[in-house]
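Data block below; observations after.
The values are calculated or read from the model by the stated rules, or taken from the named source; none is laboratory data. Everything numeric here is computed off the predicted structure, so don't read it as measured data. No Cβ is skipped: glycine too gets one built from the backbone with ideal geometry, and neighbour counts run over all protein chains shown. Protein only, heavy atoms only, side chains kept; ligands, DNA and RNA dropped before computing areas. Shrake-Rupley method; radii C 1.70, N 1.55, O 1.52, S 1.80 Å.
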Amino acid sequence: MSKPAFSFEFFPAKTEQGHEKLLSTYDELNKLSPAYFSVTYGAGGSTRSRTLDIVQALSARSETEIAPHMSCIGDDKAQIAELLEFYKSLGIRRLVALRGDLPSGQVGMGELPFAVDLVKFIREYSGDHFHIEVAAYPEMHPQARSFEFDVDNLVNKYRAGANASITQFFYNADSYLYLRDTLEKRGIDTIAQPLVAGIMPITNSSNLIRFADSCGADIPRYVRKQLADFGDDSKSIREFGFDVVYRLCERLMSEGVPAMHFYSMNKVEPNKRLVEALGLTV
């Protein structure tokens, strides 16, 4: 059985100290030879300058690909084109194209209101220069009308030119497998156009529950209950969390998952531990 590819996500640090720590984390995780690192982008580009700074710093640091997130809501085509040119100048060949969230107080969706519009524009403007990843939701986007509507949206992003999709994090492997099988029935080859599994390590119960509740990701009842039982016992939470995520990844690998994208939270551990324990670096 071939090993799936793996990659990591970073978010821009808010301070100079955080920036330096992120560079150190990058150096450690880069030793594992990931396929790429993605870098997030805040609502309406609210972390734009920090994103550009870290993308520039990381892309100069090694040959490993850097994939900046790009959001489109509230932006016009000229702004997006300027950003694409900047990324081309850095040698960037991979992007994560997202709708994003409208900044607080802003009215109007802009010229490219949805991710599918952004994918189309990138293809029209840059041809095949960029490998484009988009977002997928195994448990349905919280604002979607229905699961079928959400799948239609993902299929449309593939047909507009997306090369692959990265899922929201999940802990129920069956939700990923059901989405994969549904895409296959809709004519999407999820190996040639990979459905990448988004993996969130568990290290802190309150943070995890907050993230899950804000984005509509389901935390299985047994996981919630066990985390609650551990209370402030952070060591037990980390060990239990590692076991839950390790088993999830093992199941996905047994089902032929093509790639896994780890939401690193800018930490070396437990991402390094998971990747090594799963044998992905061998």
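One table, with the values for the structure above:
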item	result
Helical contribution to [θ] at 222 nm, DSSP H n ≥ 4, -39,500 (n - 2.57), averaged over the chain, rounded to 500	-14500 deg cm²/dmol
Backbone HN-Hα couplings from phi across segment 162-176 [Karplus 6.51/-1.76/1.60, Hz, Gly and Pro as x]	5, 8, 7, 10, 10, 7, 4, 5, 8, 10, 10, 4, 4, 5, 5
Per-residue ³J(HN,Hα) for segment 270-282, Karplus 6.51 cos²θ - 1.76 cosθ + 1.60, θ = phi - 60°, Hz, x for Gly and Pro	x, 4, 4, 4, 5, 4, 5, 5, 7, x, 6, 8, 6
Coil-residue trypsin sites (Lys or Arg not before Pro) of segment 113-205, DSSP, other Cβ within 10 Å capped at 16	Arg145, Arg186
Backbone N under 18 Å from the Ser206 label point (7 Å along Cα→Cβ), restricted to segment 251-272	none
Heavy-atom accessible surface of the chain: percent carbon and sulfur, 1.4 Å	47
Alpha-carbon centroids, segment 194-224 and segment 226-244: separation in whole Å	14
Inter-label distance, nm, simple model (7 Å from Cα along the C-beta direction), Ala144/Phe114	1.2
Mean accessible surface per residue for the chain, computed with a 1.4 Å probe while every protein chain stays in place, in Å²	46
Residues Ser236 and Asp189, FRET efficiency given R0 of 41 Å [Cβ-Cβ distance, rounded to 0.05]	0.45
Virtual spin-label span in nm between Glu250 and Asp152, 7 Å along Cα→Cβ	4.1
Computed label-point distance, nm, for sites Asp213 and Leu23 using a 7 Å Cα→Cβ extension	3.8
